[in-house]
Amino acid sequence: MIELDKNNFEEEVLKAEGPVLVDYFGDGCVPCAALMPHVHELAEKYGANMKFGSLNITKARRLAIGQKIMGVPVIAIYKDGVKVEELVKDDATVPNIEAMIQKYI
């Protein structure tokens with residue numbers, strides 16, 4: 001899992017070849033904290049076929065707004081620099097995330 005920030009987001013996500021999953025989370029977000037270990041497990045399971053990263057929107061507010069992230073948790077998949085799908089808040093469950101990953105690998 002790559003720790004994303006405003007300095008490496010463009011290179012690691014927007015200029016990446018192939019699919020990239022980004023876990024958007026925020027400080028003090030309880031659902032985000034509960035989801036994160038599962039996302040790390042999925043990164044271990046699918047990391048050979050897809051890049052995984054996480055972005056703390058508390059530290060990168062402008063970047064998150066630029067990506068139209070208005071609340072967390074959000075799990076988004078980018079392909080060739082374009083956001084192709086995302087799961088927001090209550091839809092960001094482990095089965096939904098895994099099903100979304102499988103569409104793009």
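The values are calculated or read from the model by the stated rules, or taken from the named source; none is laboratory data. All of these numbers come straight from a predicted model, not from anything done at the bench. Cβ placement follows ideal geometry from the backbone for every residue including glycine, while neighbour counts extend to all protein chains displayed. Just so you know, the surface numbers come from the protein's heavy atoms only, side chains and all, with ligands and any DNA or RNA stripped out. Shrake-Rupley method; radii C 1.70, N 1.55, O 1.52, S 1.80 Å.
Atom-type composition of the exposed protein surface of the chain places 50 percent of the accessible area on carbon and sulfur (1.4 angstrom probe).
Each residue of region 22-31 is assigned a 3J(HN,Hα), and the resulting list reads 10, 9, 8, 9, x, 4, x, 8, 5, x Hz, derived from the Karplus form 6.51 cos²θ - 1.76 cosθ + 1.60 (θ = phi - 60°), x at Gly and Pro. Once backbone amide H atoms are built at 1.01 Å from N, E85 has I77 as its partners under 5 Å, excluding neighbours fewer than 5 places away on the same chain.
So what is the 222 nm mean residue ellipticity for the chain from helices alone, if each DSSP H run of at least 4 adds -39500 (n - 2.57) and you divide by all residues, rounding to the nearest 500 deg cm²/dmol? Walk me through the numbers before you get to the answer.
Working: 3 runs with 34 residues, N = 105.
Taking each H run of at least 4 residues, the total per residue is -10000 deg cm²/dmol.
Run the simple label-point estimate for M1 and A33 please: 7 Å along Cα→C-beta, distance reported in nm. Label at M1, label at A33, 1.4 nm between them. Shown in residue order for region 33-44 are the 3J(HN,Hα) couplings computed by the Karplus curve 6.51 cos²θ - 1.76 cosθ + 1.60 at θ = phi - 60°: 5, 5, 7, 4, x, 5, 5, 5, 4, 5, 5, 5 Hz (x for Gly and Pro). Using the Karplus relation 6.51 cos²θ - 1.76 cosθ + 1.60 with θ = phi - 60°, the per-residue 3J(HN,Hα) values for region 61-78 come to 4, 5, 4, 4, 5, x, 8, 6, 9, 9, x, 10, x, 9, 10, 10, 10, 10 Hz, with x marking Gly and Pro. Among the listed options [x] 12.2, 32; [y] 31.7, 102; [z] 20.5, 69, the one matching Rg and Dmax of the Cα atoms in Å as calculated from these coordinates is [x]. Inter-label distance, N49 to D90: 3.0 nm, where each label sits 7 Å from its Cα along the C-beta direction. Maximal additional length on extending the Q102-K59 stretch stands at 12.5 nm, based on 0.36 nm per residue less the C-alpha distance. Quick check for the chain: number of Lys pairs with alpha-carbon distance under 13 Å, counting only pairs 8 or more apart or on different chains? Number of lysine pairs found: 7.
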